[in-house]
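The values are calculated or read from the model by the stated rules, or taken from the named source; none is laboratory data. The shown structure was predicted, so the numbers you read here are calculated from the model rather than taken from an experiment. A quick note on method: Cβ atoms are made from the backbone with ideal geometry, for glycine too, and the neighbour counts reach across all protein chains shown. Please note that ligands, DNA and RNA were not included when accessible areas were found on the heavy atoms of the full protein model with its side chains. Shrake-Rupley method; radii C 1.70, N 1.55, O 1.52, S 1.80 Å.
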Amino acid sequence: MAHKTTYNPEPGTLSYVVGPDTNFRFSLSPEESDFSANQNLLDHLVATLVKYGPSGRPEPFLADSWEAKERNHFWTFSIRAGLSCQDGTAITATSYADQLQRQLKRLSQKSAVMDFDLLQGWQDFVSGKAKNISGISVEGRKIFFRFKHQPDNFLETLRKVYFGFWCEFNFSNGQWKDPTQIVSSGAYQLESFYGNGSEVVLTRRPGWFSLAEDSPKRLHFISGNFEKILNPNKIMALGLVPL
């Protein structure tokens, strides 16, 4: 799609700018979700068990509650009922556990995996001796994590979008279909992807539990030179842009 030449957001739009590196391009692929700008974008599209709240600390999101026992060796998360991906696929404890382990398998083939590598059964899982991680189990709406060694900061790990719920429609034969497209599991959904990733527009998902009546109708992410952006008072800065 052609790059837009003017910045003229519709009413109810909250805009973010990443700059001044005009060569940066957003990606919707989990493989590039560790870049801070992509993390901020995807945080609105990918539901995680917990997310940062106004307090600056992790708060419930996909999980409506959690509990840690045995000196943080045993964690229980209760998955919020009635949630689904943009395409209608249900988000349950079972579907979360299944897709999380698929993500962990892909990541473990490329690099070390923080915290999850301390789970019971991790070595058998990454070596191929076991199909699933014995330290992850499900019962009803609850998902359990049992660790062999105490994780350093499990909630901080869980709030990262790579370990969120990536809707299965986005993959083909285990590979991400298109870094410019995504079926959302979060509060917003993709509306437009401009200029090979120089601008991305998200719109609210109807009826999503975390959105208040006054939440922005759209989120507009822009890569470029801040001085060329019109209406700077409507911009929230990310990255290198000083405000």
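Observations, loosely collected:
- Computed accessible area, Phe147, all protein chains, 1.4 angstrom probe, square angstrom: 10
- Couplings 3J(HN,Hα) of the stretch 182-198, computed from phi: 7, 8, 7, 10, x, 6, 10, 10, 5, 9, 8, 10, 9, x, 6, x, 6 Hz, in residue order, whole Hz [Karplus 6.51 cos²θ - 1.76 cosθ + 1.60, θ = phi - 60°; x for Gly and Pro].
- Loop GluC sites (Glu not before Pro), the stretch 27-101 (other Cβ atoms within 10 Å of the site Cβ: 14 or fewer; DSSP): Glu70
- Prolate/oblate/rounded call for the stretch 149-209, Cα gyration tensor, a/c under 1.5 rounded: prolate
- Averaging the Cα positions of each part gives two centres, and for the stretch 102-161 and the stretch 19-75 these lie 17 Å apart.
- Normalised by the number of residues in the stretch 32-148, the average gap of Cα pairs under 8 Å and 6 or more apart makes the relative contact order 21 percent.
- Secondary-structure-derived ellipticity at 222 nm for the chain, considering helices only, amounts to -4000 deg cm²/dmol, per-run term -39500 (n - 2.57) for DSSP H runs with n ≥ 4.
- Per residue, the accessible area of the stretch 46-91 comes to 50 Å², computed with a 1.4 Å probe over protein heavy atoms only.
- Computed from Cα atoms, the angle from the helix 93-108 axis to the main principal axis of the chain rounds to 80 degrees.
- Share of carbon and sulfur in the accessible heavy-atom surface of the chain [1.4 Å probe, %]: 48
- Around Ala81: net Lys/Arg minus Asp/Glu count, Cβ-Cβ under 12 Å: +2
- Of all segments of the chain bounded by trypsin sites (Lys or Arg not before Pro) found in a DSSP loop with no more than 12 other C-beta atoms within 10 Å, the longest spans 132-243.
- Fraction of antiparallel bridges per DSSP, the chain only, in percent to nearest 5: 75
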